[in-house]
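The values are calculated or read from the model by the stated rules, or taken from the named source; none is laboratory data. These numbers come from a predicted model, not from an experiment. FYI the Cβ positions are ideal-geometry reconstructions off the backbone, even for glycines, and counts take in every protein chain you see.
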Amino acid sequence: MTDQKPIIVVKDLYKYFGEIKAVDGVSMDIEKGKVVVVIGPSGSGKSTLLRCINHLEEPTSGEIWIDGEKLTHAAKQINEIRAEIGMVFQLFNLFPHLSVLENVTLAQKVIRGRSKEEAKYIAMEKLTRVGIPEKADAFPANLSGGQQQRVAIARALAMDPKIMLFDEPTSALDPEMIKEVLDVMLDLALEGMTMVCVSHEMGFVRSAADEVVFMDFGKVVEHTTPDGLFNNPQNDRTKLFLSQILEH
Amino acid sequence: MAEQPQAIKPIIKIDGLSSKKRIRDLPWWFIAIVLIAVYVFYIINTNQDYNDTFNFIKIGLAVTVKTTLISFGIAILFGLLAGLGRISKSLVLNNLSRLYVELIRGIPILVLIFFIALVGVPSLVDSMNNLGFWLSDRGLEFLGKIFTAITNQDISMNARAISALSFTYGAYLAEIFRAGIQSIVKGQMEAARSLGMSYGQSMRYVILPQAIRNVLPALGNDFVAMVKDSSLVSVLAVRDITQVSRLYAGTTFRFREAYIILAVMYLTMTVILSLGVQLLERRLRIHD
């Protein structure tokens, strides 16, 4: 029974930036272990939706439940829940003044209270997992974009999150580096991590996604499976969008 | 089009041209300052009048250095707090910090030194005393006595000078820290928060280390400025090199000797420190 309970519940979520309705009444349930990819034109509110899930954006109204706990505005609760939700950003956002290893150990020590040795052990494990243990002593500025993004994933994983959020993780990468990041994400998906990704990598959607959400103007237009998306899109806007991104 | 000749220049390697350029690039101003300083120190060593004057004035050096160092240390603390306040979302903290910064920046340092030392500190002592009486009236005589016992004489002019300088410079440094913190991209704070760190933890481990590194040269420049501004405490009869020079010149009428030596002493300190700041700047740039 408990497995059936969704790990993320979004209920009547609204987020306005002044007059702009970035998220305009979104509800969805995401079950544990599912990989959900959110697609849609730019400005459709997909990133804002993702950022609301860990309260980087405070919703204007609506509810978000993480693993049975409702998010409030209490700073302490938000901090605790964020530690359970890893987030990967479009621009990596590694800490440039810290080495790769320190990037991955910082929050472990500060938030999880792990000892230096333990944090380092876990960090090396995660860095090995994303394929760059040899870069542990390098600084972010000396890494390629793809390597930086993999360190960012390792940094998030080191906190043993229940959920991973990916906000356009490959959009800022050179084409030849996209694959190395997607491979790591695919690996994670196969291991059963609950993932919510904003991404336009249709290859990833095909190979890893359990569900696809198509958003436009802050609303969920279509919530379907990859198969349903590619072979049987219901909505005209979805069809148009797909034709535009699959054309070339 | 006008930029083209510049782009070509490094390619042409004619000895005459490059040596001319080298001469033009020499820091002549610096050589001139060093020559002036060396000449003055030469006179001090050869001329008895100058020698006596120097030996008298250098007694104040310890006070100048101590006043500057302690004041700057406290000013960094004030500046950091007010700088954090300036970017705080709390209406009260934000406005308090803004008030502090604008108040201090709108008043000349000399006036502030008079005000803090001769009005601020006595008022503070008065209110401490009143607090002591108030406590004694309520039966807390033990605590009350501590506060009523404080008198104006207990607070030396040196201490008042340091309070005035640090309070004043705190406001200037606050703006430096604010700019430094705001120069760090938003994504850094978001990444730290997304890992579960609180605002304070994110500031401490992620934002401030980067911000402070960025503002080190600016802090260095303000330190140099404070070395010079520490001369203002002489108006409180604090015996720094300026005050000692005034005393010496006033009694011996050796104005020329005293003020030439005083000027060169400041010059020596500030030029050396400025060089240090430049070196620091260059080193930080290499690491970027």
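If you check A:L94, A:L56, A:L127, which single one turns out to be touching a helix residue (DSSP H, G or I) at 6+ places or on another chain (Cβ under 6 Å), outside any strand (DSSP E or B), touching a residue at least 60 places away in the same chain (Cβ under 8 Å) and buried (at least 21 other Cβ atoms within 10 Å of the Cβ)? If you could, list the steps in order and put the result at the bottom.
Numbers: A:L56 fails: touching a residue at least 60 places away in the same chain (Cβ under 8 Å); A:L127 fails: touching a residue at least 60 places away in the same chain (Cβ under 8 Å).
Sole residue among the options that is touching a helix residue (DSSP H, G or I) at 6+ places or on another chain (Cβ under 6 Å), outside any strand (DSSP E or B), touching a residue at least 60 places away in the same chain (Cβ under 8 Å) and buried (at least 21 other Cβ atoms within 10 Å of the Cβ): A:L94.
Taking segment B:232-245 only, how many residues are in a helix (DSSP H, G or I) and either out of contact with any helix residue (DSSP H, G or I) (no Cβ under 7 Å at 6 or more places or on another chain) or crowded, with 21+ Cβ neighbours inside 10 Å (or both)? Full working, then the answer.
Within segment B:232-245, the first condition is being in a helix (DSSP H, G or I), and the residues that meet it are B:232-236, B:241-245.
Of the ones still in play, those that are also either out of contact with any helix residue (DSSP H, G or I) (no Cβ under 7 Å at 6 or more places or on another chain) or crowded, with 21+ Cβ neighbours inside 10 Å (or both) are B:232-234, B:241-242, B:244-245.
Summing the residues that are in a helix (DSSP H, G or I) and either out of contact with any helix residue (DSSP H, G or I) (no Cβ under 7 Å at 6 or more places or on another chain) or crowded, with 21+ Cβ neighbours inside 10 Å (or both) in segment B:232-245 gives 7.
Which one is farthest from the chain's Cα centre (by Cα) among residues in segment A:30-53 that are surrounded by fewer than 16 Cβ atoms within 10 Å (Cβ to Cβ) and over 15 Å from A:E168 (Cα atoms)?
If we take residues in segment A:30-53 being surrounded by fewer than 16 Cβ atoms within 10 Å (Cβ to Cβ) and over 15 Å from A:E168 (Cα atoms), then A:E31 is farthest from the chain's Cα centre (by Cα).
Conditions (1) touching an Asp or Glu at 6+ places or on another chain (Cβ under 6 Å); (2) aliphatic (A, V, I, L, M); (3) on the phi < 0 side of the Ramachandran plot, marked per residue:
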{"position": "A:N79", "(1), (2), (3)": "no, no, yes"}
{"position": "A:A83", "(1), (2), (3)": "no, yes, yes"}
{"position": "A:Q90", "(1), (2), (3)": "yes, no, yes"}
{"position": "A:V110", "(1), (2), (3)": "no, yes, yes"}
{"position": "A:Y121", "(1), (2), (3)": "no, no, yes"}
{"position": "A:K126", "(1), (2), (3)": "no, no, yes"}
{"position": "A:K135", "(1), (2), (3)": "no, no, yes"}
{"position": "A:F139", "(1), (2), (3)": "no, no, yes"}
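Which of the following residues is aliphatic (A, V, I, L, M), over 22 Å from B:E190 (Cα atoms) and touching a residue at least 24 places away in the same chain (Cβ under 8 Å): A:L182, A:L188, A:L173, A:L143? Walk me through it before giving the result.
Values: A:L182 fails: touching a residue at least 24 places away in the same chain (Cβ under 8 Å); A:L173 fails: over 22 Å from B:E190 (Cα atoms); A:L143 fails: over 22 Å from B:E190 (Cα atoms).
Just a single option satisfies the conditions, and that option is A:L188.
For segment B:184-197, does any single residue satisfy the condition of being touching a Gly at 6+ places or on another chain (Cβ under 9 Å), at pLDDT 95 or above and within 30 Å of B:L232 (Cα to Cα)?
Keep residues of segment B:184-197 that are touching a Gly at 6+ places or on another chain (Cβ under 9 Å), which gives B:194-195.
Cutting the leftovers down to at pLDDT 95 or above gives us B:194-195.
Filter once more, so that each one left must be within 30 Å of B:L232 (Cα to Cα): none.
No, segment B:184-197 contains no residue that is touching a Gly at 6+ places or on another chain (Cβ under 9 Å), at pLDDT 95 or above and within 30 Å of B:L232 (Cα to Cα).
Any residue at all in segment A:237-245 that's buried (at least 22 other Cβ atoms within 10 Å of the Cβ), charged (D, E, K, R) and part of a helix (DSSP H, G or I)?
The answer is no; no qualifying residue exists.
Taking only segment B:186-204 into account, find how many residues are within 7 Å of another protein chain (Cβ to nearest Cβ), touching a Leu at 6+ places or on another chain (Cβ under 9 Å) and of a type in the set (G, A, S).
Residues that pass the stated criteria total 3.
Could you check segment A:211-230 and list, in sequence order, the residues that are part of a loop (DSSP other than H, G, I, E, B) and either without any contact (Cβ under 8 Å) to a residue 40 or more places away in the chain or under 19 Å from the mean Cα position of the chain (by Cα) (or both)?
Here is the first cut: in segment A:211-230, the ones part of a loop (DSSP other than H, G, I, E, B) are A:217-218, A:225.
A:G218, A:T225, listed by residue number.
Being within 14 Å of chain A (Cβ to nearest Cβ), part of a helix (DSSP H, G or I) and crowded, with 18+ Cβ neighbours inside 10 Å is the requirement here; does B:I212 meet it?
Details: within 14 Å of chain A (Cβ to nearest Cβ): yes; part of a helix (DSSP H, G or I): yes; crowded, with 18+ Cβ neighbours inside 10 Å: no.
For B:I212, the condition - within 14 Å of chain A (Cβ to nearest Cβ), part of a helix (DSSP H, G or I) and crowded, with 18+ Cβ neighbours inside 10 Å - is not met.
Among what's in segment A:59-91 and is within 20 Å of A:V198 (Cα to Cα) and away from chain B (no Cβ under 11 Å), pick the residue that is surrounded by the most Cβ atoms within 10 Å (Cβ to Cβ).
Among those residues, the one meeting the criterion is A:P59.
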